[in-house]
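Asks: Here it is, the structure in full.
The values are calculated or read from the model by the stated rules, or taken from the named source; none is laboratory data. Quick caveat: nothing in here was measured; it's all calculated off a predicted structure. Cβ placement follows ideal geometry from the backbone for every residue including glycine, while neighbour counts extend to all protein chains displayed.
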Amino acid sequence: AIERTFSILKPDATRRNLTGAVNALIEAAGLRIVAQKRVLLSRAQAETFYAVHKARPFFGELVESMIAGPIVVQVLEGEDAIKKYREVLGATDPSKAAEGTVRKQFALSVGENSAHGSDSPENAAIEIAQFFSGNEIVG
Ligand code: CMP
């Protein structure tokens with residue numbers, strides 16, 4: 001089915017001017033960027049976005065890395081978009097990511113792993129709603 005997923009190009013990616021390089025991989029996979037904006041997260045926004053990881057030992061480091069610079073938030077649309085985008089990204093840990101994936105090519109570490117993609121339709125809907133209103137998404 002045609003789905004929408006939520007994507008973040010993280011500060012380590014924007015800092016190295018990789019927005020276009022990641023977007024090229026997204027589009028080459030047949031996903032359409034139907035909404036996109038560059039923003040600087042507040043600490044509160046980053047903590048809310050990653051609330052499910054609050055109890056993890058890396059939570060503080062994760063929040064710091066996400067507010068270290070601008071991010072690009074996106075909505076991606078396409079056939080099986082949630083699973084497809086996670087394939088484009090590769091494993092969370094770049095040392096385990098497959099050849100040709102975003103994280104294999106660009107990630108610096110498991111924390112600074114260049115991009116985020118939703119892991120389920122439920123979370124995609126929640127994450128999209130945190131950053132975009134309906135009229136900002138144009139399919
Ligand atoms: P993301 O897809 O944004 O979802 C949660 C993030 O937590 C994940 O990508 C990683 O960047 C980060 N993360 C997961 N495990 C670790 C870890 N061991 N140390 C630091 N960050 C981590």
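Asks: Let me confirm something: among Ala55, Ala129, Ala124, which residue is modelled with pLDDT of 95 or more, over 21 Å from Gly20 (Cβ atoms) and buried (at least 17 other Cβ atoms within 10 Å of the Cβ)?
Replies: Checking each option against the conditions leaves just Ala124.
Asks: Look through the stretch 4-21, keep the residues that are out of contact with any Phe, Trp or Tyr (no Cβ under 7 Å at 6 or more places or on another chain), surrounded by 18 or more Cβ atoms within 10 Å (Cβ to Cβ) and not aromatic (Phe, Trp, Tyr), and return whichever of them is nearest to Phe106 (Cα to Cα).
Replies: Among those residues, the one meeting the criterion is Asp12.
Asks: Also: If you check Lys37, Lys10, which single one turns out to be more than 12 Å from the ligand (Cβ to nearest atom), charged (D, E, K, R) and at negative phi?
Replies: Lys37
Asks: Kindly indicate whether Glu3 is over 15 Å from the mean Cα position of the chain (by Cα) and among the acidic types (Asp, Glu).
Replies: Considered against the rule, which asks whether it is over 15 Å from the mean Cα position of the chain (by Cα) and among the acidic types (Asp, Glu), Glu3 comes out as yes.
Asks: Shifting gears a bit: Across the stretch 120-139, which residue is farthest from Ala81 (Cα to Cα) among those that are without any contact (Cβ under 8 Å) to a residue 40 or more places away in the chain and not in a helix (DSSP H, G or I)?
Replies: Only one residue tops the list, namely Ser133.
Asks: Considering (1) free of Cβ contacts under 8 Å to residues at least 24 places away in the same chain; (2) within 25 Å of Gly134 (Cβ to Cβ), say which one Ile71 fails and leave the rest.
Replies: (1)
Asks: Counting just the residues of the stretch 69-115 that are in contact with a Pro (Cβ under 7 Å, 6 or more places away or on another chain) and more than 13 Å from the ligand (Cβ to nearest atom), which one comes out farthest from Gln36 (Cα to Cα)?
Replies: Top of the filtered list is Lys104.
Asks: Let me ask something else. Could you give me the residue pairs with C-beta distances under 7 Å whose first residue belongs to the stretch 36-49 and is more than 21 Å from Arg4 (Cβ to Cβ) and surrounded by 11 or more Cβ atoms within 10 Å (Cβ to Cβ), whose second residue is modelled with pLDDT of 95 or more and of a type outside the set (A, V, I, L, M) wherever it lies, and which are 6+ apart or on separate chains?
Replies: From residues that are more than 21 Å from Arg4 (Cβ to Cβ) and surrounded by 11 or more Cβ atoms within 10 Å (Cβ to Cβ), the pairs are Leu40/Pro70.
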